[in-house]
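The values are calculated or read from the model by the stated rules, or taken from the named source; none is laboratory data. If you're wondering where the values come from, they're calculated on a predicted model, not measured in any experiment. Cβ atoms come from the backbone with ideal geometry, glycine included; neighbour counts cover every protein chain shown.
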Amino acid sequence: MTGVLTWARLSYRQQRWELWLVAAGAALLVGAMLWFAYTLNGLYAASPNCLAFVAEELDSLTGPPVGCGAILGEYYETQGRASNLLGIALVVPFGIGVILGAPLVAREIDGGTAQVAWSLSPSRVRWLLRRIGFVAVFGLLLLGVIAVTGEVLAAAIWPERTLGEDFVYFGMRGLPIVARGTGAMMLGVLVGALIGRVLPAVLASAVVIGIVFVGITFAQNAWAESEATIQRFYDDAGNAVPFDRAALDIEYGIETPEGEFVRDIGYPIDERGRVFASEEDLAVGRLLGHEVRLLVLGERYPELVLRDSVIAILVGAAALAAAAVVVTRRRPA
């Protein structure tokens, strides 16, 4: 236990400014999220009849209740600002990966202390794990607080929705924030171990983390698309199909009579969502297909959250393993 505390104190002293910077930023973000959640909950409690319209407006052809314009305007303005905070929460894990991850090993190598520690330590891998342990736990605890607060804020923005089966603010709340932070920090450690200088490592890790997670996002989107469902806007009788707000929209396009999804939308569409190849075909009723959404149903939200989070954690584990190999094979300066 004494050894763990010693390593924690050493990690704190060597990286205290980064730790304080990240803690201050997280505190500001969490405080702002809680304030907006409190404000939105207060608005909803004060005018439940008016704000029930927020949950129903996409499924209703009627306007808001009489006398509710002012409260709805205030609510939507507050809601928009709160949504911006969730957008910030989306990128925070990558920022923490750069700020906390990249200098961890790079500072030791840059300052020459790593070579001394390696000569005294029986295992460089054990040294690496001890070196990153405290900072990693600290960063993940902050991300955990942001993840939970994001769920609280999302619930305040959409109080009538079941967020456990809803893709609203997907990736901006909950487990993905912690998982992406894990992957980003370990990528930062790997880049720092490879470069061995603090400032170049910080700059390079920002690029590497961005490229890796953009690539992961494209791959995850392609995977989700391969499992997506086609949903029409109107049924064969011309009745509007209820809009599934909980679903994850992948693409909008056309469903051909053969059931094939086509992305290209530039064709005439009638009031029943029927698509025609030309105005002439529209005039004679020669159907090309139906306007549709390609989506993943909201009930699959927990599955995709877990899957995406596991991928991010595996990326972090691979980066940590690579960093261990780099540290083991790196020659003293």
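For the stretch 219-226, state whether one or more residues are out of contact with any strand residue (DSSP E or B) (no Cβ under 9 Å at 6 or more places or on another chain), outside any helix (DSSP H, G or I), on the phi < 0 side of the Ramachandran plot and surrounded by fewer than 24 Cβ atoms within 10 Å (Cβ to Cβ). No - not one qualifying residue is present in the stretch 219-226. Number of residues in the stretch 201-215 that are free of Cβ contacts under 8 Å to residues at least 12 places away in the same chain and not hydrophobic (A, V, I, L, M, F, W, C): the value is 1.
Okay, residues lined up against (1) under 30 Å from Val116 (Cα atoms); (2) outside the structural domain of Ile211 (by TED's automatic domain parsing); (3) surrounded by 19 or more Cβ atoms within 10 Å (Cβ to Cβ):
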site	(1), (2), (3)
Phe243	no, yes, no
Tyr267	no, yes, no
Asp270	no, yes, no
His290	no, yes, yes
Leu294	no, yes, yes
Leu314	no, no, no
Ala321	yes, no, no
Val325	yes, no, no
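Cβ-Cβ contacts under 6 Å between residues 6 or more apart (or on different chains), taken from a first residue in the stretch 146-170 that is under 14 Å from Met33 (Cα atoms) to a second residue that is of a type in the set (D, E, K, R) and in a loop (DSSP other than H, G, I, E, B), are listed as Gly150/Arg173; Glu151/Arg173; Ala154/Arg173. Based on this model, can you work out whether Val168 counts as outside any helix (DSSP H, G or I), hydrophobic (A, V, I, L, M, F, W, C) and closer than 28 Å to Ala228 by Cα? Taking the combined requirement at face value, the residue satisfies it.
The requirement of being in contact with a helix residue (DSSP H, G or I) (Cβ under 8 Å, 6 or more places away or on another chain) and among the polar types (S, T, N, Q) is not satisfied by Ser226.
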